[in-house]
Amino acid sequence: MRVERILTVRRGFGALLVAACCSMVVAAPPSKVALTNVRIVPVSGPPIAQGTVLIEGGKIVAVGEDVKVPYDAREFDLSGKVVMPGMVVAHTWRGMDIPNESRPVVPQLDAADAIDPSQLYFEECLRLGHTVVHVMPANNTVVGGLGQVVRPIGLSVAEMTIDDGGFMKLSMAPRRGSDRMLQMATLREAFAELQDYVARLAETKYEEKLAKEEREIDVLPVEARKRGRKELKADHIDDEHRNLIRLKGGQVTVEGESGPTLFSPLGAFVYCGSAMDVPRAIAFAKAHGFFDRLVLVLGGDSHKAIKALKKAARPVVLPENLVYRDVDPFTNKIEETFVPKVIADAGLQFALLPGPSASLPERMLTYQAARCMRYGISRTDALRAITQMPAEIIGVGERLGSIEVGKDAHLVVFSGDPLEFTSVVERVFIDGIPAYDRSEDIRLKRLLTTKSDESADDEQ
Amino acid sequence: MLRDRDTWIGGRAWRATAMALLLAAMTAGVQAGESYVVRAKAIYPVRKGMRADRAFMPGVMLVRDGKIAAIGTDIDVPAGIATIDLRDAVLCPGFVSAATSLIRPHAGEHSISGAYQAIDAFDGYDEHPLQLATGLTTVHLDPGGHRLVSGRGAVVKLAGDHAARTLKAGADLAINFGTYDPPPVVDIPFYASSDVGIEPATLQGPDSRMGQIFAIEELIARGDALIQRLGDPRRRRFEHHDRAFVQAWRAGLRLRLQVRRAADIASAIDFVRRHERDAYFVGLGEADDVLPALVRSGLPLVVRIEDPYRFPAWNLGSNPEVYEPDRSVAATVARGSELPIALAGLEGDAGADLKMIAALAMRGGMSEAQALASITRIPAEILGVADRVGSLEAGKDADFLVLSGPPLKISSHVLRAYVGGREVFKAPGTDALVVKASTLWVGDGTVLNDGALLIEDGRIQAIGHRVPTPPFARVIDAGAGSFVTPGFIDAHSHLGLSGDNSAAGPEVEIDKTVAVAGREFLRVAREGITTVMLSAYRAANNGARVAAVKTYGSGRDDLVLRSTAGLKFRMGNDPSLAVKTIETALEAGKKYVKKWEKYEEELKKWQEAQAAGKQTVVQKEEEQVVEKAKEDPITGIWEFKVSGGPLPEEVSGTVTLKLTGSKIEGRLTIPIAPDEEVVLSGTLEGDQVVLEVEQETPFGNPQIRATLDREDHMAGIVALGDRFQVDFEATRTNKDPVEFKVGRRKRRGKDGRPLPPKVDQALEPYRAWIAGRIPAVIEVFSAAQASSVMEFVLDREKLPLVLLNASNLADIGDAKLKPRKEQIGVILPERLERRREGRPYSQAADLARKGVPVAFQSNAEDGGRNLPLMALFAVYRGMGGDNALRALTIDAARMYKIDDRVGSLEVGKDADVLIHSGHPFDSGSRVERVIVNGQEVPRDAE
C-alpha cells in the first residue's frame, strides 16, 4: 500500500513535469527495480518460466528464477506477464522532420541535429516496445549523412542519445528524378573529389608555408601536393570531407579547444533498392575501404542477389515489406517470395524493420517477427532479428538487445507471448526507468474508450 | 490375355509422362556444366563465310559447359548424352542488338561526360522475358543519345547468371553528333551564405554543329591540365565530368558515333580520321547522301530502321523540311559497299523487335541472308563480342533461339531461348498448333494444295493456304509430298472390352467401359484411327448401344465423343422373324417416345402459361388410358358371392378382372352401392389367386384368397386382416377382354410444372433413333434380310439405317439398291474379299462404284490398328482411293451422324488430323503423325 502511494505521488510529479506526454516519464532511474514472477525471454538464451529481473542503476544486475529482491527495490509483480528485451529499430528516418536533405551529397550532416524529442513517433515506439531507434537519413540521397542511436525518452537529443551513430548513409538506388547512371556518377564524384580536395589542400598549405617563409614556389604542383601533406592538420579538413575520410577508414584527429579528438572510422548503411544495387554496393565498399563496416539496407527485389549477399556475408537490414511479388508479364501470374526466409536460409545476419505507420500490424516489430515464424524461421532467430541482431548491427550489441546481466535495462513487458497478436505491451523499462505503462496511456485510453463507457463514468 | 491395367494408369498419366519426359529432356539438358545434344529440323549457324540463310537440315548441336562443342548435320555424338529433340523447331543464334533503348538516357545534365556508365543502369537480375520473347539475347546499352558525349556504353547478355552477363562493362564512348542545346548546370554551394553565393547556372555548349566538334576538341586539348589539376588550387573547381571524358578518351575506348544527318556524318568521319580512332556509326538515317564518304571511311554501321508500324500516327503535314525515314538506307549501303551493317530499332524505342526491323530492311531491299546476319553475327562483330555470341560455332557461347519456323519468316515465333546453354525463356503455354502440308484432303470433296491448318483448343480454327499463326504457336511443317487427312473412323469396334463377349442390351451404356486410354488405345491411335464406334460384341434381341469414342485423350470426357451414336441389332436367320423382333422393340420405344412427347407438350403449355403470368392451379387432372386385355383364365366378368363369418346375409356382386402376365387388375361392384367401384389388384400364381381390395378398413385392406378349382370358377376366402374371414366364390360369366378406364393422377411439380416421365435407359436409344439422331445398325447376312430390313426401317418407319456386314447386299439387285443409296450406309464385313459366283468379289469396290456409302470395320479391339491396311487392300482390289478415304472418314461419320464433330478438316470440327508421308494409299506412304483433339499422339514412348 505504502509503495503504491509513493508511486502515485511520483507519477503525479512526473505528470507535472511532462504534462503533454503522459506515458513518457523521464526521471532519474530509480536505483533498484525488480520485475518479479515474470516469464523471461532473454533472447540470448532459453526462456525462464518464472523469474526475476533485477535492475540497479539502469543496468541489469541479476536474472533468474531465484533472485532475491532487495528490500529497497521497487518491485513490479508481473505474474502472468512476459518480459523481453527492448526492440531495436535498425534504420528509420522517423523522429526527424524531413527524411533527406535535398542535395545529393551531404556527408557532413548528422541526424542528431534533426531529431525532435517531442515527436509522437517516439511515444508510438514506447507503445510498441521499440526502445532503441537508429535514426538515419532516408534513402532519397547519394551520401546522406550520419545517423544517431536514441532511446524514445528524453527531453533533448542529448538525453535521448544512446550512442553517437557510427554509420554514414549511402544509397545505390537513384534519388527521385535521378537514375542509376547519375546516382553512381555522383557517388564516384564525391569520392574522387575527396582525393582532389586533400591534394588541393596540401598544395595550398605548401604554398602558404612558402609564403610564410617568403619563398617562391619551387616545385611542380604534383610535388607541392606531396610536400604539403606534411603540413596538413586534421582541423584543416572540413566536416564534409572529414566524414568521408572516416568512412574510408582513416582515423582523423582534430585539435580542438578541449584537446585532440579522435574520430573513429565510420561504417556505412548502404541502401540497395534493387538486386542490381547489391553487387555494386559491395564492390564500392571494397574499393573505398569500408566493406568491413558495411551494412546493406535492402529494398525491392534485392533478395534476388542472394548469391552476392551470401558471398559478402555482411549484415543486412530487410525491407519493410517482407513479401516480394513478381508478376509474369505473359500470364500475369503473381509469384510471392518471403524475403526473410531467403536471407535466413543464406545464413546472413539480418534485422527486421517495422512497416510504415499506416499499416497497423506491420509497424510492430513483433508482428514482423511473428510472420517470419509463420514462414519457417525459428522462433529464436525471429526474436533475435528484432532485438539482438539489429543491436549488433548498429554497434550497441554490447549494451543492448538481450536480457543479460550487465546490459542496459531495456525491457518490454507483454501481457502474453510477444509474438502472439493478441498480446499487448503493458510496460516498458528503459535504462531501468518505467517509461511506459499501458494503464496510464491516455491516448490509447481515448482510442479504446467508447461513448457508453464515458457516460458510465459520468454516472459514477 | 494379359492385362496390365493396374500398372497402366492411362491417358492423362500417359500424356503427363510424355510431357514430363520431354520437359525432363529439355531441362535436364540445360543444367550448367552438363552436356547435351540438340536436334532440330534446321539450324542456322550464321557463321562467317557461310550464307546466313543456309541451314544444317536437319541440324545437330552439341553443347558442353554452356559452350557449343560441335555443330552440323551429322556430328559425332558421345554415347549416353542427353538429347533434346526439337523435331519441328528451327535454331538460330540469339539476336544481338547494337543499339537498344533498354535503359533510359542518363538523367545528368552535363553535355560532355565520361562519368556516366551504361552498365550502372543495367539490371542484371531482371529476367527480361519481353525482350527474350523477341529473340534478343545480347544487347548494347547506350548511356543516351541526348548529350554530345553521354558516357560509356556496355555490352551485356539479357539472361544467365548475374556475373556472367556482362560481356563488356566499358565498351565504348558514346558521342552523339547533332545534339545541341544541353541544359545549364546549376551548382548550388552547400551551405550557401553571404560569404558563399549562389552562382548563376553555367551554360553549356554546343548550340551548333560548329560548336560540337570544338567542344570535344577543346577538352581533348585540355587533357593534361584537367587530369593533373593544374591552376590555382583555391579557385579551381573539380571538373569531374570533363576529367572523366578525358580519362575515357585516353583509355582508348572505341567511339560510338551516333549520327543521323548527312552533315553530321561527314564531320564525324572527318573527326575519326583526324584522331585515328577505332569507331563505328549508329543511326545513319541519311547515310545514302554521303555513301561514298562512308564507304571510304570503312567504319562499321549500325543502321536504325524506323518502325512506323508501332507509331502510325506520325503525321508529316506540309512541312518540306520534315524528316522522312527511309527504310531502304540499309539495303542501299549494303549494296554499295562491303561495310559491316547491323540493324537496330529507333532510338528511345525500348520495344523494338529485331525480327520486325529485319523484315522492314528486307522490304527496303536487303537480302534475307544479309538481314539475318545483320541482327546476329555482324552486330556482335561491331560490338567486339563476336568471339562469344552472334553465331553458332564450336567454341562460342550456346546462346540460341528455338523458333517455330525459319528465323526471318514473319509467322515464326521464339519458343525458347537459351543463354550459356541454359534455357532462359520459354514461350507461355499455348496449345495452338499449325500444320503445314503439301496436300490437305479436306473431306468435303476438295483437296487443298500447299495449305495449312490452325488448331487451337482441340478444334480446327482455320484451314487454307495461309492461316494465322498465333504467338508462340507450334508449327509442324510436314514438308514436300506430305498428305494430311482427317482422322480415320473404325465403324464397328470393341476397343477396350478386353474380350468380354457377353451380350448387352440397349440399357447398357457402353461408353462407361471407357475410363482411360490404355495401351491398346494407343496402338490403334498411332495407326491413324482416331475414332472408334464402340459396341458390345453381341447385342441383345432388343439391341445394343454403339458409342463414338476417341482413341487418345486424358479421360472419359476427352475420349467419349457421343455416348449413344447408334443402336445395333443382330438378326436371326429367319428374315421375317428378325424384323419382328425389331418391330416389337420399336413399338415399346414409340410408346416411350409418346410419353415424352406428351410431357414436352405439357411442359410447353405450362411454360407458355408461366410466361403469360398465369398461375397454374394444381388440379387433380386425370388422364384416361384405355387398356385392353386378352383372353386367359382370369380375364372377364365374374359374379361372386360372399357369405359366412360375421356377415348377416350373403352378399353378391360382380368383379371384372384382367390378367397381364401374372398380374391381375380388377374392379369390384356390389349391387347395394352400384356407383362405387372398388379397385382390386393381385397376382395369379399357378391356380392361386390373391387379390387385394383397395378399400381401407380399420384392419387393413380386405384380401381375397381363392383357388381356380375349375374353369371359370374360383373359391376361397375374403380375409380382413387376421380378424375376420368370409367365404368367397365366383363364377366367370363373360370371357371378353375387358377395358378399364384407368384414372391416373398426373405427376406435377410443386409449381404445377409437369414432371418428366421416368427415364428408361433401355428405351432411351430408341428415342434417339425415332428422332433420327442415331441410326440403327442392323447386322444382316442374306440379301433377303437386307431387303426386309430396308423395307421395314426405311420404307415403313422412315428411320436412319446402317447395314452391318450385309455381305450379300449386291444380290438384291441394283434396281432395289440404287434408289436407296442415299438413305443407307453399309459397314463392310471385316473379310473384304470373298468369292461370289465362283469369282473373287470385292464388296467394297462394288458398293463404292454403285455410290453406296461404305465404312470399314475391324470388329475387333486393338486389331483395329490394321484398319488402314484393310482400306489399302480394298484399294488394291479395285476400290477408288478417294472412296476408301471417304469410307475411313466422312462417310463413316455421316452414317453415325457424328459428322458435326469428325470426319473432315473443317473449321469448328475436332482437330483429328493425320499426317501421312504421301497419299495414304501410295504403297510407301506411312502415317507419320497423329493428332487427336489437337494433341499429338506420342510415337515412340511405350
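Pairs spanning more than 19 Å between alpha-carbon atoms, out of A:Lys212/A:Lys233; B:Lys168/B:Lys426; B:Lys355/B:Lys409; A:Lys310/A:Lys407: B:Lys168/B:Lys426; A:Lys310/A:Lys407. Between the alpha-carbon centers of segment B:790-825 and segment B:211-250, tell me the distance in whole angstrom. Their Cα centres are 103 Å away from one another. From the alpha carbon centroid of segment B:103-118 to that of segment A:148-219 is 24 Å.
Taking a straight line from the alpha carbon of B:Lys909, these lysines sit under 21 Å away, with near neighbours fewer than eight places off in the same chain left out: B:Lys436, B:Lys550, B:Lys897. Modelled spin labels at B:Arg723 and A:Asp239, positioned 7 Å past Cα toward Cβ, are 11.6 nm from each other. The listed residues B:Lys641, B:Lys436, B:Lys168 rank as B:Lys641, B:Lys168, B:Lys436 when sorted by accessible area, largest first, using a 1.4 Å probe. Extension gain for the segment B:Thr202 to B:Glu34, taken as residue separation times 0.36 nm less the Cα-Cα distance, is 54.7 nm to one decimal.
Taking the Cα centre of the protein assembly as shown as origin and assigning +1 to Lys and Arg Cβ atoms and -1 to Asp and Glu Cβ atoms, the resulting dipole is close to 2840 debye. With a cap of 13 neighbouring Cβ atoms within 10 Å, and only residues DSSP puts in a loop, list the trypsin sites (Lys or Arg not before Pro) found in segment B:448-531. Of the trypsin sites (Lys or Arg not before Pro), the ones in loops of segment B:448-531 whose Cβ has at most 13 other Cβ atoms within 10 Å are B:Arg466.
About its Cα centre, the dipole of segment A:292-429 is roughly 280 debye, where the only charges are +1 on Lys and Arg Cβ and -1 on Asp and Glu Cβ. For B:Val826, the amide hydrogen comes within under 5 Å of the amide hydrogens of B:Leu803, B:Val854, B:Ala855, counting only partners 5 or more places away or on other chains and with H modelled in the peptide plane.
Computed from backbone phi, the HN-Hα couplings of segment A:66-80 come to 10, 9, 7, 8, x, 5, 8, 7, 7, 9, 10, 7, 10, 5, x Hz, rounded to whole numbers (Karplus: 6.51 cos²θ - 1.76 cosθ + 1.60, θ = phi - 60°; Gly and Pro given as x). Here the label points at B:Glu650 and B:Tyr876, each 7 Å from Cα along the C-beta direction, are separated by 9.0 nm in the simple model. Take the alpha carbon gyration tensor of chain B, find the square roots of its eigenvalues, order them as a ≥ b ≥ c, and report rounded if a/c is under 1.5; if not, report prolate when a/b exceeds b/c, else oblate. Prolate shape, in that a/c is at least 1.5 and a/b is the bigger ratio.
Need one word for the protein assembly as shown: rounded, prolate or oblate. Basis is the Cα gyration tensor (sqrt eigenvalues a ≥ b ≥ c); a/c below 1.5 gives rounded, then a/b vs b/c decides. Here the protein assembly as shown falls in the oblate category.
Within a straight-line Cα-Cα reach of under 12 Å, A:Lys304 can be paired with the following aspartates and glutamates, leaving aside sequence neighbours fewer than 8 residues apart in one chain: A:Asp277, A:Asp326, B:Asp123, B:Asp126, B:Glu127, B:Asp161. Backbone geometry of segment B:897-912 corresponds, through the Karplus equation with coefficients 6.51, -1.76 and 1.60 at θ = phi - 60°, to 3J(HN,Hα) couplings of 6, 10, 6, 6, 10, 10, x, 8, 8, 10, 4, x, 7, 4, 7, 9 Hz, x marking Gly and Pro. Here the label points at A:Arg215 and A:Thr261, each 7 Å from Cα along the C-beta direction, are separated by 3.5 nm in the simple model. Once the Cα atoms are used to define both axes, helix B:867-876 deviates from the longest principal axis of chain B by about 90 degrees. Look at the dipole of the protein assembly as shown built from charges on Cβ: of B:Ser917, B:Leu226, A:Ser118, the Cα furthest out on the positive end belongs to B:Ser917.
Residues whose amide H lies under 5 Å from that of B:Ser904, counting only those 5 or more places away or on a different chain, are absent; hydrogens are built 1.01 Å from N in the peptide plane. Think of each Lys and Arg Cβ as +1 and each Asp and Glu Cβ as -1; about the Cα centre, that makes the dipole of chain B roughly 1920 debye. Towards the positive end of the charge dipole of chain B, with charges on Cβ (+1 Lys, Arg; -1 Asp, Glu), say which of B:Gly479, B:Gly644, B:Pro45 has the farthest Cα. It is B:Pro45, whose Cα lies furthest towards the positive end. Comparing B:Gly445, B:Gly864, B:Gly336 along the charge dipole axis of the protein assembly as shown, the residue lying farthest to the positive side is B:Gly336, per the Cβ-charge model. For B:Ala342, the residues 5 or more places off, or on other chains, whose built amide H falls under 5 Å of its own are B:Leu301, B:Val302, B:Val303.
Sequentially through segment A:231-237, phi angles give Karplus couplings (6.51, -1.76, 1.60; θ = phi - 60°) of 7, 6, 10, 4, 7, 6, 8 Hz, Gly and Pro residues having no value and appearing as x. Which GluC sites (Glu not before Pro) does segment A:233-339 hold that lie in a coil by DSSP with at most 14 other beta carbons within 10 Å? Answer in residue order: A:Glu257. Trypsin sites (Lys or Arg not before Pro) within segment A:108-180: which are DSSP loop residues with at most 11 other Cβ atoms inside 10 Å? Sites meeting the loop and neighbour criteria: A:Arg176.
The values are calculated or read from the model by the stated rules, or taken from the named source; none is laboratory data. The structure presented is a predicted model; accordingly, all values stated were derived computationally and were not measured. Positions of Cβ are backbone-derived with ideal geometry, glycine not excepted, and every protein chain shown enters the neighbour counts. Heads up: the accessible areas ignore ligands, DNA and RNA and are worked out on the full protein's heavy atoms, side chains in. Shrake-Rupley method; radii C 1.70, N 1.55, O 1.52, S 1.80 Å.
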